[in-house]
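Notes follow once the structure below has been shown.
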Amino acid sequence: MALPKILALDLATRLGWACGSPDGEPHYGSKLLPSTGAEIGRFGDAYDEWLLDMITLENPALVVFEAPFVSGTGNANTARKLMGLCWQTELACYRRQIRCMEHNNSSVKKMFAGSGKASKDDMVAAARSHGWDPKDDNAADALGLWACAVHEKAPRYSRLTLGRLGGRAA
């Protein structure tokens, strides 16, 4: 019997996601949210619809997301969108009674790619070294976040998860 699933989210306009049981292989991918400029309502609605569908489909016991990093975005709308994605994630989890937590980006990078300052290419290379084939850095970041959550919440499966081959891209 599989353990409860973990859904990992790299929150951005092109968000990365990875979902699976710690004792199995995650499936993963990325989702492009609409380009809306200052019209944040439509952006938020698209994310909310996608997230609720994903939660219904996958039935995770834990949702983990990357802590927002808004310093240096240079754009108030970008900062509002990033914070809004976090807010909506926590609200959806609260309403569905799902555990929710955030992880610091540099901690994930250090655990997954060996350096807290790992680049996008480093994260993709790290995912590939673990046997996964992300189509972009967003999915790679979500895989790193998923692996970090498994390491923390189900350590018995951490070595197995990081050493196994496979996973399925979506």
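Remarks
- For region 87-99, the criterion of being part of a loop (DSSP other than H, G, I, E, B), at positive phi, modelled with pLDDT of 90 or more and open to solvent by 40 Å² or more (accessible area, probe 1.4 Å) is satisfied by at least one residue.
- Any chance residue 46 is out of contact with any Lys or Arg (no Cβ under 8 Å at 6 or more places or on another chain), in a strand (DSSP E or B) and modelled with pLDDT of 95 or more: no
- Qualifying residue in region 32-43 (condition: within 21 Å of residue 141 (Cα to Cα) and acidic (Asp, Glu)): no
- When the test is whether a residue is charged (D, E, K, R), in a loop (DSSP other than H, G, I, E, B) and exposed (fewer than 13 other Cβ atoms within 10 Å of the Cβ), residue 135 does not pass it.
- Test result for residue 69, open to solvent by less than 10 Å² (accessible area, probe 1.4 Å) and either part of a helix (DSSP H, G or I) or not β-branched (Val, Ile, Thr) (or both): no
- All conditions but one from (1) touching a His at 6+ places or on another chain (Cβ under 8 Å); (2) surrounded by fewer than 18 Cβ atoms within 10 Å (Cβ to Cβ) apply to residue 20; the one that does not is (2).
- The listed residues are 2, 12, and the only one of them that is open to solvent by 50 Å² or more (accessible area, probe 1.4 Å) and not in a strand (DSSP E or B) turns out to be 2.
The values are calculated or read from the model by the stated rules, or taken from the named source; none is laboratory data. A quick note: this is a predicted structure, and the numbers were derived from the prediction, not measured. All Cβ positions, glycine included, derive from the backbone under ideal geometry; neighbour counts span all protein chains shown. What goes into the accessible areas is simple: the full protein's heavy atoms, side chains included, and nothing from ligands, DNA or RNA. Shrake-Rupley method; radii C 1.70, N 1.55, O 1.52, S 1.80 Å.
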